[in-house]
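Scroll down for the structure; my scribbles are underneath it.
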Amino acid sequence: MYQFDIRLTDKDYLDYNIFWGIKSPYGSKQILKLRVLLTVVFAIIALLSLSGGGFGAEAFLSIIPAGIVFVIAQLIFVPVFKWVLRGQLNSLKAKGKMGYSPISTIEFGVERFVETTPENKTEQAYTAIERISILKGKVIYIHVNSVMAYIVPFSVFDTKEQETAFLTFLGTKCAVVDLY
């Protein structure tokens, strides 16, 4: 039915990982949990400091530096996350262990789709798709589990009609389609 030759770059893979961590339902839950954990840790430290100081004015003043650090940590959380992720991906690249193939062909049939790379051939039934994330005009992520997705950039479409037909087709294969 559909066949696309996919060409991905390190930036495409980084963009997917940033999307996964910040916007996807999978990663955003983990980010929220980590932020809540930071808040709980700060609250415990603040309460211990306040109770140790008898809840006096001096005790309240003593937690101001920790409060400032907490607010700054919350404000720079996303940029730091992106920076750490970039470093991890650069480390993987230096070791030659990137988590994607830069060249692949994905064939979408009636019952399943097949990705063929120079190293591997993977066949998936459409029932294996957990969700589809569409970043309008940019890329489609076909998630088969909480950490893996097939990346289909919009650049593979020859026409707007082909893009629309493919998106309609995908919508029939998975009940959960997120638009970003």
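The values are calculated or read from the model by the stated rules, or taken from the named source; none is laboratory data. Note that the structure is a prediction, hence the values are computed from the model and not measured. Don't worry about glycine lacking a Cβ; one is built from the backbone with ideal geometry, like all the others, and counts go over all protein chains shown.
Data overview
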read-out: Qualifying residues in the stretch 140-154 (those that are in contact (Cβ under 8 Å) with a residue 40 or more places away in the chain and within 13 Å of Phe4 (Cα to Cα)) - the one surrounded by the most Cβ atoms within 10 Å (Cβ to Cβ); value: Val152
read-out: Residue check for Arg86: touching a residue at least 40 places away in the same chain (Cβ under 8 Å), among the basic types (Lys, Arg), closer than 26 Å to Pro153 by Cα and assigned to a helix (DSSP H, G or I); value: yes
read-out: Selection count where residues are under 30 Å from Ala175 (Cβ atoms) and surrounded by 12 or more Cβ atoms within 10 Å (Cβ to Cβ), scope the stretch 100-124; value: 17
read-out: Residues satisfying the stated conditions in the stretch 110-148, i.e. out of contact with any Lys or Arg (no Cβ under 9 Å at 6 or more places or on another chain) and part of a strand (DSSP E or B); value: Arg112, Thr116, Lys121, Thr122, Arg131, Ile134, Val139, Ile140
read-out: Elements of type helices (runs of 4 or more DSSP H) contained in the stretch 1-76, each with 1 or more residues being closer than 30 Å to Pro118 by Cβ; value: 10-22, 25-52
read-out: Any chance Leu85 is under 20 Å from Lys29 (Cα atoms), surrounded by 15 or more Cβ atoms within 10 Å (Cβ to Cβ) and in the same structural domain as Tyr26 (by TED's automatic domain parsing); value: yes
